[in-house]
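The values are calculated or read from the model by the stated rules, or taken from the named source; none is laboratory data. Just so it is clear, the model here is predicted, and its values are computed rather than measured. Please note: Cβ atoms are built from the backbone with ideal geometry, for glycine as well, and neighbour counts cover all protein chains shown.
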Amino acid sequence: GKSFQVWICLLLACSVYSQAIYNECVATSMVGFSDNDFYESPQDVTLSYCDESSGNSCCTREYSEEIGGFTDPFSSSFLEIIRTPVSECRTMLEDISCIMCSTAQSDWIYLNPAFSSFIMCKSFCDDLYATCGSQLTSEGQIVSDAYTDSSGFCVALFDQISHSESSVKVLIDPHNNQCWKNLPECTEDSYYQVFTECVDGRRNMLWVKKPEVECSGGFENPPNEPNLPCAISCEAGERVGTNGECEACEPG
């Protein structure tokens, strides 16, 4: 709701280090994490786990091995909730931990003086809850029985780490559906233009992302251009179509 959006704006405004001056690797500045486990800028390091960051990593190979062994601070917190995560549930939990190696981490981790905020997409949280729903909790219950909704489950996963010296608090974001992907930057070619019909000699131009394209940043969410002149003249029996070109009018 509105309070969530205001909180996000305050969070972004306060995160000067990680956002105003863009730095791909912020883990070295996170409270309670060892500088020896991370790099200040991406390095060409072959990782044992978190393959998507191998060769361009913010974490050391040794830290990636902690993730693979489920002994890193994030995984230790997860194990307080799920006794022995297996299969796709374990993989998704590893995906969360692997953000500490990703060069996209500054998009999802915001630094505060006493703790770090970790942004989790609501869509990912929903998928995680569904995937881990049949797993046993540390209390011997089924996850879907112990937690009635996805947000409660995802927040619980971070309970231990949020109260540890490596203080990381999760924030569930319902407004973003692309979590933690090492996506290429968007370019103008990532979109196509759609023109509305001409009305009184004017039309609007809309940018629409191509459905097959996955990208982030760069030429992202370009502004639409309203009230443009209809610059082309069509022959009799034609009209300006949604692609901005002349097309035959329908009969009648």
Legend entry - Matching residues in the range 134-147 - criterion: being without any contact (Cβ under 8 Å) to a residue 60 or more places away in the chain and farther than 21 Å from C98 by Cβ: S134, L136, T137, S138, E139, G140, Q141, I142, S144, D145, A146, Y147
Inset, instruction - Test T71 against the criterion of being out of contact with any Gly (no Cβ under 9 Å at 6 or more places or on another chain) and hydroxyl-bearing (S, T, Y), and give yes or no. - result: yes
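Yes/no matrix, rows are residues, columns are (1) crowded, with 21+ Cβ neighbours inside 10 Å; (2) under 27 Å from D37 (Cα atoms); (3) assigned by TED's automatic domain parsing to the domain that holds I67; (4) without any contact (Cβ under 8 Å) to a residue 12 or more places away in the chain:
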position: S117; (1), (2), (3), (4): no, yes, yes, no
position: K122; (1), (2), (3), (4): no, no, yes, no
position: C132; (1), (2), (3), (4): yes, no, yes, no
position: D149; (1), (2), (3), (4): no, no, yes, no
Inset, instruction - Could you please tell me which pairs satisfy a Cβ distance under 6 Å, a separation of 6+ or placement on different chains, a first residue in the range 188-208 that is in the same structural domain as S233 (by TED's automatic domain parsing), and a second residue that is surrounded by fewer than 11 Cβ atoms within 10 Å (Cβ to Cβ) and among the small types (G, A, S)? - result: none
Legend entry - Meets criteria (under 18 Å from P174 (Cα atoms) and either touching a Pro at 6+ places or on another chain (Cβ under 9 Å) or of a type in the set (V, I, T) (or both)) for C121: yes
Inset, instruction - Scan the range 222-248 for residues that are in a loop (DSSP other than H, G, I, E, B), exposed (fewer than 12 other Cβ atoms within 10 Å of the Cβ) and modelled with pLDDT of 75 or more and jot them down. - result: P223, E235, A236, G237
Inset, instruction - Please note which helices (runs of 4 or more DSSP H) are completely contained in the range 113-221 and include at least 2 residues that are at pLDDT below 90. - result: 122-132
Legend entry - Some residue of the range 63-79 being among the hydrophobic types (A, V, I, L, M, F, W, C) and over 20 Å from the mean Cα position of the chain (by Cα): yes
